1. Which condition does Arg317 not pass, out of (1) more than 29 Å from Ala242 (Cα to Cα); (2) crowded, with 18+ Cβ neighbours inside 10 Å; (3) of a type in the set (Lys, Arg), if it passes all the others?
2. Would you kindly identify the strands (runs of 3 or more DSSP E) lying entirely within region 37-85 that contain at least 1 residues that are surrounded by fewer than 17 Cβ atoms within 10 Å (Cβ to Cβ) and either touching an Asp or Glu at 6+ places or on another chain (Cβ under 9 Å) or free of Cβ contacts under 8 Å to residues at least 12 places away in the same chain (or both)?
3. Looking at region 173-190, I want the residues that are modelled with pLDDT of 70 or more and have a partner that is among the small types (Gly, Ala, Ser) with Cβ atoms under 6 Å, at least 6 apart or on another chain. Which pairs are those?
4. For region 208-257, give me each residue that is farther than 14 Å from Ser315 by Cα and of a type in the set (A, V, I, L, M).
5. Within region 243-260, how many residues are more than 18 Å from the chain's Cα centre (by Cα) and not in a strand (DSSP E or B)?
6. Identify all residues within region 357-382 that are more than 24 Å from Met49 (Cα to Cα) and either in contact with a helix residue (DSSP H, G or I) (Cβ under 9 Å, 6 or more places away or on another chain) or surrounded by 14 or more Cβ atoms within 10 Å (Cβ to Cβ) (or both); write none if there are none.
7. Sort out which residues of region 327-356 are within 20 Å of Val39 (Cα to Cα), surrounded by fewer than 16 Cβ atoms within 10 Å (Cβ to Cβ) and in contact with a helix residue (DSSP H, G or I) (Cβ under 8 Å, 6 or more places away or on another chain), and write them in order of number.
8. Name the single residue, out of those in region 261-289 being in a helix (DSSP H, G or I) and of a type in the set (D, E, K, R), that is surrounded by the most Cβ atoms within 10 Å (Cβ to Cβ).
Amino acid sequence: MNKKRKKSKKNILVVVLAVIVVPYLLYSIFMLLKEPTDVFVIQNAEIAMEEKVEGYIIREESIIQGENYNNGMSQIKSEGEKVAKNEPIFRYYTANEEELLNQIGQVDSKINEALNNQNQIFSSDIKALERQIERRIQGISEITDISEIQEYKKDINTYLNTKSKIAGELSPAGSYLKELYLQKNELQKRLDAGTEYIKASSSGVVSYRVDGLESVLTIAGFSGLNKDVLNGLNLKTGQIIATSNKQGKIVNNYECYIACIMTSEESSNSKQGDKVKLKLLNKEKISATIEYIAKNEDYNLVVFKITNYVEELMSYRKISFDVVWWSETGLKVPNSSIIYNNGLAYIIRNRAGYVDVLLVNKVRETQNYTIVEPYTTSELRNLGFSTEEIRNTKSVTIYDEIISNPTIDMLQ
C-alpha cells in the first residue's frame, strides 16, 4: 500500500514539473527565435581601409640591341642576373654559324687524323705545347666568367694551331697540314667577324622580357598618363611578358613605380608624399610612397613608388593589388553593436546576466568594424560630464561580451 502511495506521489511530481518547465522552455525558445541575443567578444585586433585596384608597372629600363638581331641570340647572363656596366650580356649568332662550326669541326678532324698518322712529332716544342693545352683544358672547367672562358679558348686554339704548324713542318705531308691550317684559320675569321657581343649600358638587372612599352611607360612621363592612355594599352592583368630573342634590357632593381586609376574618397584626400602599404603578388604588405597624383573630376591618377619586391615584378606590366590606406589596432567591435544617443556612441555589455551601458570613443571605422577605446577623464569633462558622472562611468575592456544588435530602450 505504501509503495503505491509513493509511486503515485512521484507521478504527480513529474506531471507538475512537466506543466511548469515545458511551457517555460518553449517560451524561451520562441523568444530566442524572435529576438536573438547574439553576443560578440571584444578582441584586440586590426582593421584596415583597403582598396583593390589594377596598376601599370613603370620601371627605369634601357633596351639594348645590336646590329645582327635577326640572327638570334645566345644568353650569356640569365634573366634577373645582376651585371656591371660594360659586362657582356648576350651575343648574336653569326650568319650561317652552324654551317661554319660544322666546317671547322670537319677541318679539325682532318688535322687530327693527319697528325695521328705522323711519326715525327717528338720535338720538345710539341711536348711543351701539349702540356700547355692540357693545363688550359683542366682550367677551363673550373671557371665561370665568360671573358676568362673566351681567353682560355683562344689560348687552346693558338696552341693547337702552333702544334699543327710545327707538326706540318716536321712531316713529309707538311704541305697538306699547312693547307688544312689555312682553311681553319679562314673559317675561324669568318665566324669571329660575324659574332656580335652586346654589353650592359649601365649596372642593374638583366631582363629579356621586352614588351615595347619601355619607351611609353617611363619614369619621366607621369604627367602624360591618364585613364584613356592606360586603358588604350589593352594589357591583360597578371599576364607574363614574353621573352625576346632579339633584345634585352637593363633594369633598375632598386625602385619602380605603379600607376593606377582610383575613385575612392581616400585617393581624393591623398597627396604627394603620403605613405601607404601595398599588398602585391605575395600578399605581403610593403611600404609605398605616393610619387605623383593627378586629380580629375571622375577619377584620380595615382603613382606609387616602391623599393621592395622590384625584381619579382619584372615579369609583369599590369597587376592587381590592394592599397592599404590605413590600419589601426585596438579593441575591435562590429558596427552593428554600436548604438547612438545625442551624438555619442554606446555599446551594451552583458556580464553574467548584468547589463552595463558603456560610453566608447570611436578611433577608426570601416564598413563593418570599429576600433573603440574608453574616454579619458579630461575628454569626458570636455564633453560636459560632471565629476559624479565621470566617477560612475564604466570602461570597455578586452574580452567584454557585448550585445550585437542593441536597441535604443537598452540605454535606459
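The values are calculated or read from the model by the stated rules, or taken from the named source; none is laboratory data. For clarity, every value in this text was computed on a predicted model and none was experimentally measured. Glycine gets a Cβ as well: all are built from the backbone with ideal geometry, and neighbour counts include every protein chain shown.
1. (1)
2. Passing ranges, in order: 39-41, 43-58, 61-64.
3. Correct list of pairs: Leu177/Ala114; Leu177/Ser164; Leu177/Gly168; Lys178/Gly168; Tyr181/Ser164.
4. Listed by number, the residues that qualify are Val216, Leu217, Ile219, Ala220, Leu225, Val229, Leu230, Leu233.
5. Residues that pass the stated criteria total 4.
6. Val357, Leu358, Leu359, Thr377, Leu380, Arg381, listed by residue number.
7. Val355
8. Of everything passing the filter in region 261-289, Glu266 is surrounded by the most Cβ atoms within 10 Å (Cβ to Cβ).
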